[in-house]
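Bear in mind that the values in this text are calculations on the coordinates, not laboratory data. Predicted model only: the values in this text are computed from it and were never measured. Using ideal geometry, Cβ is built from the backbone for each residue, glycine included, and neighbour counts are taken over all protein chains shown.
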Amino acid sequence: MAAPVITSQTYGKANYQPGELMTLTVNHTDVDRKIVSTTTSVTDSTGATGVGSPTTVVIDGAASVTPVSTPAVAWTLVAATLNQSVFTAPAP
Amino acid sequence: MLFSTTTTVTDAGGHSTSATVTCTVGSGVPTEAEIATWGATTTTITSNTTYSSTTGQTVTGVHFDGARVSFTGTDITLVDCVITGDNSASPLVSVTNTAARRIKLVRCVLRPKYPRPETDGIRGQNFIMEDCLIENTTDGVSLVKSGYTSAQAGYATGVELHRVVVRNLARWTGTPPWAGHPTDTVTHNDCFVQVGGSGTVLDRVLFDARPALQYGHVLLQSAAGVVYTRAQAYALADTAARISVPIGSQPGGWPVVAPWVSNGTGKWSTGEMSGTDFSCMMILSSQGPSTDFTVTGCEFHGGENMINGGGNPWVTGAHMGTWTDNRCDRSQANQGSGGNDTNTYRFSGNWASHITFPLTGPGANTYLDGATMTGVQF
């Protein structure tokens, strides 16, 4: 199993004023991640088939994305997908 | 203040990785406390000095007292030096020799010992400045290519300014033609002037194009005719009257004319003394178009037109580059409608679709208080 990879990490801009809301966007991947999709079908004795909606499960997905800053600020996760986490915090 | 964040991503199997990113909080431009540490000198040189012979040479901690520095070699670095120039029309630092390349000044102070109306801070191309102060000069940084021919239009300037401060420009008066100007009665001062070329980088620079007080031919006095000390002049209230000593009243007959033209606002904060023809950046095209700037995180004060690109009209195929996260005050002498409609960024011609210049959103260029700017002209 391999460690995940941070492909990019960026602030919303290069300079913030104290108290201004900062944005931190972290893009990450994991080569071990497997996304398993399952679709169940049921066939009766006449051969008729019903197909259910697919279900998806992520194996070895990112369990946590944790930013720690100097000086310290309280980052809030405002949006997240499998490959991207977006945080905001007031500039110190 | 540098602000760094280390993010750790951990997967369900307990594997993790981390990465760090840094930005600045606050303006990012140098603070007075930082500036005070630049130019710590240990050795004094009092003769004119040309650094030419040693490729890769680094010179540290030298006070060029009454001496200027002219580079004629490559890969030469000055660190923590003070350069005051000689008593000539030459700039304090010259990088005009065509053999001078990759010159670097770090934590240096350029401040003239002999006040003269021709004295510029640094002139030439192919140089990098990091954490440097230029003050009391006529122009601060002058980008010009020696021996330019029209076939070289669009040349790479090779100039990068990182956290450079240019301020307290020296205002002089005279009867034309004179050393300060061929046709005008006052000097035309620019923190930065570029006459052509491409690729100049301005990174977190602080350009203050308001004239130095109690220096050169700007000498303020009270209504009762008492000349202020420098500290008193800078401590005047925003709305206090700025009264010049009378024309011809000083030894040698200066000021020859009124050293500035009131713009009618009566306030230091709205550019009362910032004309005529000061600028933070004067962008010209006498050596082909000036293009492809990177100007980011900078702070600008004053100027008649703060960024004056009127002499650099757009030409087919040209791009002005990327201008982001810059901030400015409202002390431009040229106030469009008075007080809050300042002539800030003035480009000439059809640059609007040939420049990256956000006014809102990420990277927006704003006033110091974050307000959306007025008076931007493409």
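Amide H contacts of A:VAL68: B:THR6, B:THR7, B:THR8, each under 5 Å away and 5 or more positions distant or on a separate chain (H built 1.01 Å from N in the peptide plane; Pro and chain starts excluded).
Secondary structure note: in the range B:1-116, about 30% of the DSSP beta bridges are antiparallel. Could you point to the residue in A:GLY47, A:THR81, A:SER69 farthest towards the positive end of chain A's charge dipole, with +1 and -1 charges on the Cβ of Lys/Arg and Asp/Glu respectively? Ranked along the dipole, the leading option is A:SER69. Charging the Cβ of each Asp and Glu at -1 and of each Lys and Arg at +1, and nothing else, the dipole of the range B:31-114 about its Cα centre rounds to 220 debye.
Residue by residue, the range A:71-79 carries 3J(HN,Hα) couplings of x, 5, 9, 9, 6, 10, 6, 10, 7 Hz when phi is fed to the Karplus relation 6.51 cos²θ - 1.76 cosθ + 1.60 (θ = phi - 60°); x denotes Gly or Pro.
Of all DSSP-defined beta bridges confined to the protein assembly as shown, some 40% are antiparallel rather than parallel. Here the Debye sum runs over all C-alpha atoms of chain B as equal scatterers in vacuum, and log10 of I(q)/I(0) at q = 0.06, 0.07, 0.08, 0.14 Å⁻¹ comes out as -0.24, -0.32, -0.42, -1.25. Note on chain B: with a GNM built from Cα contacts shorter than 10 Å, the maximum mean-square fluctuation among B:VAL141, B:VAL159, B:VAL226 falls on B:VAL226. Backbone geometry of the range B:249-256 corresponds, through the Karplus equation with coefficients 6.51, -1.76 and 1.60 at θ = phi - 60°, to 3J(HN,Hα) couplings of 7, 9, x, x, x, 8, x, 5 Hz, x marking Gly and Pro.
Stretched out fully, how many nm does the piece from B:ALA235 to B:ASP75 gain, at 0.36 nm a residue minus the Cα gap? Working shown, then result.
On the way: separation 160, 0.36 × 160 = 57.60 nm, distance 4.32 nm.
So the chain would gain 53.3 nm between B:ALA235 and B:ASP75.
Which of B:GLY174, B:ASN365, B:GLN287 sits farthest toward the positive end of the charge dipole of chain B, with +1 on the Cβ of Lys and Arg and -1 on the Cβ of Asp and Glu? Most positive-ward Cα: B:GLY174.
Apply 1/(1 + (r/R0)^6) to the Cβ-Cβ distance of B:THR37 and B:SER4, taking R0 = 22 Å, and write down the FRET efficiency to the nearest 0.05.
On the way: r = 22 Å, r/R0 = 0.99.
Given R0 = 22 Å and the Cβ-Cβ separation, E is 0.50.
The convex hull drawn around the Cα atoms of the range B:31-114, when projected onto a plane and averaged over every direction, covers 5.4 nm². Inter-label distance, B:VAL227 to B:THR44: 2.6 nm, where each label sits 7 Å from its Cα along the C-beta direction. Taken over the Cα atoms of chain A, the convex hull encloses 128 Å³ per residue. Computed from point charges on the beta carbon alone (+1 for Lys and Arg, -1 for Asp and Glu), the dipole magnitude for the range B:272-347 about its Cα centre is near 140 Debye.
Once backbone amide H atoms are built at 1.01 Å from N, A:GLU20 has A:ALA91 as its partners under 5 Å, excluding neighbours fewer than 5 places away on the same chain. Here the dipole of the protein assembly as shown is about 720 debye; that uses its Cα centre as origin and unit charges on the Cβ of Lys and Arg (positive) and Asp and Glu (negative).
Rounded to a whole number of µm²/s, how large is the Stokes-Einstein D of the range B:65-201 at 4 °C and 1.567 mPa s, given Rh as the Kirkwood radius over C-alpha pairs?
The estimated diffusion coefficient comes to 86 µm²/s.
Phi-derived couplings, Karplus 6.51 cos²θ - 1.76 cosθ + 1.60 at θ = phi - 60°, listed residue by residue for the range B:343-349: 7, 9, 9, 10, 9, 10, x Hz, with x used for Gly and Pro.
Hey, if you put +1 on the Cβ of every Lys and Arg and -1 on every Asp and Glu Cβ in the range B:31-114, which of B:TRP38, B:LEU110, B:THR98 ends up farthest toward the positive end of that dipole? Of the options given, the answer is B:THR98.
Fewest to most neighbouring Cβ within 10 Å: what's the order for A:GLU20, B:GLU130, B:GLU299? Could you put the intermediate results ahead of the total?
Details: A:GLU20 13, B:GLU130 17, B:GLU299 21.
Placing the least packed residue first, the sequence is A:GLU20, B:GLU130, B:GLU299.
Kirkwood analysis of the Cα pair distances in the protein assembly as shown returns a hydrodynamic radius of 25.0 Å.
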